[in-house]
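Here is the structure we will look at.
The values are calculated or read from the model by the stated rules, or taken from the named source; none is laboratory data. Please read these numbers as outputs of a predicted model, since none were measured by experiment. In this analysis, Cβ positions are derived from the backbone assuming ideal geometry, glycine residues included, and neighbour counts consider all displayed protein chains.
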Amino acid sequence: MKRATLAAELDMSESTIDTYVQRGLLPKPVRVGGLVLWYWPHVEAALLAAGSAEQGDDPFMRGVDNV
């Protein structure tokens, strides 16, 4: 999916998507031709992993707390 679609699905801005990717909180996109796309199962896996870890040990939540 495109950045705008991912941002809408996660209810955040496109710049937040970019920041989370830079921090390693979301997976990096892949280039397909001239498009930059995310594979939803990879995004979902990152979110599920974040949800199953305790906040103190969770890199996603530590990154969110640092925003």
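Restricting attention to region 10-30, does a residue exist that is aromatic (Phe, Trp, Tyr) and either at pLDDT 95 or above or in a strand (DSSP E or B) (or both)? No: region 10-30 contains no residue that is aromatic (Phe, Trp, Tyr) and either at pLDDT 95 or above or in a strand (DSSP E or B) (or both). Output the residues belonging to region 31-65 that are in a loop (DSSP other than H, G, I, E, B) and either in contact with a strand residue (DSSP E or B) (Cβ under 9 Å, 6 or more places away or on another chain) or at pLDDT 70 or above (or both). Answer for region 31-65, where residues must be in a loop (DSSP other than H, G, I, E, B) and either in contact with a strand residue (DSSP E or B) (Cβ under 9 Å, 6 or more places away or on another chain) or at pLDDT 70 or above (or both): GLY33, GLY34, TRP38, TYR39. The residues in region 17-44 that are more than 9 Å from the chain's Cα centre (by Cα) and without any contact (Cβ under 8 Å) to a residue 12 or more places away in the chain can be counted, and the count is 7.
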